[in-house]
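Read the structure below first, then the notes.
The values are calculated or read from the model by the stated rules, or taken from the named source; none is laboratory data. Note that the structure is a prediction, hence the values are computed from the model and not measured. Heads up, the Cβs are rebuilt from the backbone with ideal geometry, glycines too, and the neighbour counts pull from every protein chain shown. Note: accessible area is taken over every heavy atom of the protein model, side chains too, but ligands, DNA and RNA are not part of it. Shrake-Rupley method; radii C 1.70, N 1.55, O 1.52, S 1.80 Å.
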Amino acid sequence: MGTHSVWVLEYARSPVHPVSGVLYGAHNKGTMNLPFAYILIKTAGAVALVDVGHDANDFGGEIANSIGVTGWTPPEVVLSECGVRPEDVTQIFLTHAHFDHIGGLKFFPNATIYLQKKELESWMWILAKGPRFRSLQAGLNPADILYLTQANIEGRLELVDGDRENALPGIHLYPAHDTHTAGSQYVVVDRGGADKLVLSGDVIYTYQNLTGDDPSNPCFVPPGLANGSQTKLIEAADEMLAIVGNDERRIIPVHEEKLAELYPSRVSDRGLQIIEVCLAENEVSRV
Ligand SMILES: [Zn+2]
């Protein structure tokens, strides 16, 4: 048993997400159920989140409605399933700045926020380019960038430039630049020895990004929605697999419905999945 507990907490879902957004080149393949979730990590003296979901009551909610997201549940309800209050959260590691990963920041007033410097710079650049570049803005709520500025004034923003090992003990941040977004990063939870987890952000949406249609003869198929390069997405996926010794289950994609089958899980009263990836010693199971 390591010193970190990790749960994936679903907070909304899209029952009608286009498969082509998840798998590059999957044209005319219809829609799929896509969970929306964030990750809670409890470790000695710290309560961390990897991404924070969105706020249904601002422009992020409008983006969500436009892509069929339903069942949004506020963080105080979602986190209460694990006995955590939003104000208890001390660190937030943002994989990237799409609305469904960053838009809930306002619910966590005490947390220090970690984001790649390149992610913030690239969104500022895209916004400055004007409406002809708006295809690159897909998934961004500009108010979230404003919120980062506010958090910065409050001394709660850490802009990470490349690798940041032990952001918390055993929690490492690694860049995956020019992939899903310009400044994406992923999170490694190192529980000692070979016991490592990769929290992939949207560099990996589902295990099919690692295997294609045939897991017995795997082929990388990068996500369809990407501002960066397909090659960089595949290289980042390969890097993640190397970190976990090719054990795909140790890569945790928050939009992957199958997580609930791979790990102990239960469904909350609101119909949302609570997935328990690992437990620290002395931590009680929430499933
Ligand atoms: Zn995204």
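Over the Cα atoms of segment 1-147, compute the convex hull volume and normalise it per residue, giving Å³.
Looking at segment 1-147, the number lands at 139 Å³ per residue.
Starting from one equal scatterer on each C-alpha and no solvent at all, send me the Debye-based log10 I(q)/I(0) for segment 198-271 at q = 0.19, 0.27 Å⁻¹, two decimals.
-0.77, -1.38
Express in Å², to the nearest 10, the accessible area of residue 118 obtained by rolling a 1.4 Å probe over the protein heavy atoms while all chains stay in place.
The accessible area comes out at roughly 70 Å².
Which percent, nearest 5, of DSSP beta bridges in the chain are antiparallel?
Around 75 percent antiparallel, to the nearest 5.
Between residue 214 and residue 77, how many nm apart are label points set 7 Å from Cα along the C-beta direction?
4.5 nm
Longer than 26 Å from Cα to Cα, which of 106/232; 29/106; 42/258; 196/258; 42/106; 42/232 are they? Say none if no pair is.
106/232; 29/106; 42/232
Normalised by the number of residues in segment 220-275, what is the relative contact order in percent for Cα pairs under 8 Å and 6+ residues apart?
18 percent
Taking Rh as the Kirkwood radius, which is the inverse of the mean 1/r over Cα pairs, what is the Rg/Rh value for segment 13-76?
Ratio value, two decimals: 1.08.
Using the charge dipole of segment 204-287 (Lys, Arg: +1 at Cβ; Asp, Glu: -1 at Cβ; taken about the Cα centre), state which of 240, 207, 259 has its Cα farthest towards the positive end.
259
Roughly how many Å² of residue 113 are accessible to a 1.4 Å probe, to the nearest 10?
Approximately 0 Å² of residue 113 is accessible to the 1.4 Å probe.
Per 10 Å bin, what is the whole-percent P(r) computed from every C-alpha pair distance within the chain?
6, 31, 40, 20, 2, 0
How much area per residue is accessible in the chain when the probe is 1.4 Å and only protein heavy atoms are counted (Å²)?
Ligands and nucleic acids excluded, the figure is 42 Å² per residue.
Rounded to the nearest 10 Å², what accessible area does residue 32 have for a 1.4 Å probe in the complete protein model?
The value for residue 32 is about 50 Å².
Leaving ligands, DNA and RNA out of it, report the carbon-plus-sulfur percent of the accessible area of segment 70-224 at a 1.4 Å probe.
52 percent
Antiparallel DSSP bridges in segment 30-141: what percent, to the nearest 5?
The antiparallel fraction comes to roughly 45 percent.
With a Förster radius of 35 Å, plug the Cβ-Cβ distance of residue 163 and residue 128 into 1/(1 + (r/R0)^6) and report the FRET value to the nearest 0.05.
Computed FRET efficiency for residue 163 and residue 128: 0.80.
Please give the net charge around residue 179, taking every other residue with its beta carbon less than 13 angstrom from that of residue 179, where Lys and Arg add +1 and Asp and Glu add -1. Could you put the intermediate results ahead of the total?
Numbers: positive: 118, 232; negative: 119, 178, 202, 235, 238, 239.
Summing Lys and Arg as +1 and Asp and Glu as -1 gives -4.
Lysines within cross-link reach of residue 129: Cα-Cα under 22 Å, excluding same-chain residues under 8 positions apart?
The reachable lysines, counting only those whose Cα sits under 22 Å from residue 129, are 117, 118.
Against the 2.2 N^0.38 Å scaling, with N counting residues, where does segment 228-268 land? I'd like the Cα-based Rg ratio to two decimal places.
Values: Rg = 12.8 Å, N = 41, 2.2 N^0.38 = 9.0 Å.
Against the empirical 2.2 N^0.38 Å value, I get 1.42 for segment 228-268.
Based on the Cα coordinates of segment 130-287, what is the per residue volume of their convex hull in Å³?
Dividing the Cα hull volume of segment 130-287 by its residues yields 174 Å³.
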